[in-house]
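What follows is calculated from the coordinates using simple rules that are stated; it is not laboratory data. Please read these numbers as outputs of a predicted model, since none were measured by experiment. With ideal geometry, Cβ positions are generated from the backbone for all residues, glycine too; neighbour counts draw on all protein chains shown.
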Amino acid sequence: MRIAAFFMPFFAFLVGAVGFYIRRLELQTVFDSAGLPERGAVLTYALIALAVVFFVFSLIFSIIVAARHSALKGFENAFGTDSLAYPFSFGLIGLIWLAVTFMYFLENRAGGHLTLLTIYFSIFSALSAISASFFAVEMFNDPSRKSVFALSVIPTLFLCFWLVLVYRDNASNPILLSYGYQILAIIASALAFYFTSGFVYGKPAPGKTVFFYLMAIFFCFITIADGHNIMIRAIFGSILLMNLLYLYKLVRNLRRKKAA
């Protein structure tokens, strides 16, 4: 799977970049000044078609992974955490995630938009960034430590909380196109982190994990193209990079199942 380990992240990045470009064009030309989309717009259908095609491709690839390959026992073996590049890369991404979260908090406080939910979001996001970084460090130093169990689930909990906030903010919004991709990005990312933590708890599911890595990368790309706060887009970017790296590391270490 070494060839696939390079090809799949590259392909996911490429398709996500195309989706990003189409989404930017859609927002610039399909939506009017009031935020209402044009009916039957070609760009809207093109992006939906791209999402469906990539979904089918990812599903087929994940089914092949589940049927023909298995992960090595233990998270540290399944993802190859013995390289110094592992804690360094995830630590750097986590640091960026933490920094933009702090900037988001300061921006809201300076602008007088600091609500209780904004505070909760900032705290939870910061904890997720820290946990993702420390999880990588712990897995590199000593995978047997019990702290890795708690650290592995914090990002999933944060994303579930974020999903509730997004739904709350858009419950009365009839324009699904304005927030639908963001919801899909959060759901896919939450499930990607969830199935990643499954390797820690001795419940690996390589096929499902690979599928949600691919979906998270694609929908995070599209969400970054949306007109969200720059810090929010940076958080999605951090999550995207983590999924991209985990996809590479997992696929690289998969082993072909032995014939019965």
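For segment 108-120, filtering for residues that are in contact with a helix residue (DSSP H, G or I) (Cβ under 7 Å, 6 or more places away or on another chain) and either in a loop (DSSP other than H, G, I, E, B) or surrounded by 15 or more Cβ atoms within 10 Å (Cβ to Cβ) (or both) leaves 3.
So is PHE6 farther than 22 Å from ALA185 by Cα and assigned to a helix (DSSP H, G or I) or not? Yes; evaluated as a whole, the condition is true for this residue. In segment 185-216, the residue that is surrounded by the fewest Cβ atoms within 10 Å (Cβ to Cβ) out of those that are touching a residue at least 60 places away in the same chain (Cβ under 8 Å) and not in a helix (DSSP H, G or I) is ALA205. Does ILE64 qualify as being out of contact with any helix residue (DSSP H, G or I) (no Cβ under 7 Å at 6 or more places or on another chain), part of a helix (DSSP H, G or I) and surrounded by fewer than 13 Cβ atoms within 10 Å (Cβ to Cβ)? Considered against the rule, which asks whether it is out of contact with any helix residue (DSSP H, G or I) (no Cβ under 7 Å at 6 or more places or on another chain), part of a helix (DSSP H, G or I) and surrounded by fewer than 13 Cβ atoms within 10 Å (Cβ to Cβ), ILE64 comes out as no. Determine whether segment 14-34 contains at least one residue that is touching a Ser or Thr at 6+ places or on another chain (Cβ under 7 Å) and assigned to a helix (DSSP H, G or I). Yes, the conditions are met somewhere in segment 14-34.
Residues in segment 72-107 that are closer than 30 Å to ARG255 by Cα and crowded, with 19+ Cβ neighbours inside 10 Å: PHE75, GLU76, ALA78, PHE79, THR81, TYR86, PRO87, PHE90, ILE93, GLY94. Total residues in segment 167-184 satisfying the condition of being farther than 17 Å from ILE217 by Cα and either among the basic types (Lys, Arg) or not in a loop (DSSP other than H, G, I, E, B) (or both): the figure is 7. Residues in segment 111-160 that are without any contact (Cβ under 8 Å) to a residue 24 or more places away in the chain and among the β-branched types (Val, Ile, Thr): THR115, THR118, ILE119, ILE123. Figure legend. Inter-residue proximity from segment 99-110: first residues in contact (Cβ under 8 Å) with a residue 60 or more places away in the chain, second residues loosely packed, with under 15 Cβ neighbours inside 10 Å and among the charged types (D, E, K, R), beta-carbon distance below 6 Å, spacing 6+ or different chains. No pairs are indicated.
The set of residues in segment 217-233 that are closer than 24 Å to LEU50 by Cβ and in a helix (DSSP H, G or I) comprises ILE217, PHE218, PHE219, CYS220, PHE221, ILE222, THR223, ILE224, ALA225, ILE232, ARG233. Note on segment 86-137: residues that are small (Gly, Ala, Ser), in contact with a Phe, Trp or Tyr (Cβ under 8 Å, 6 or more places away or on another chain) and more than 21 Å from PHE75 (Cβ to Cβ) amount to 3.
Being closer than 30 Å to SER133 by Cβ, out of contact with any strand residue (DSSP E or B) (no Cβ under 6 Å at 6 or more places or on another chain) and not β-branched (Val, Ile, Thr) is a property that ALA12 has.
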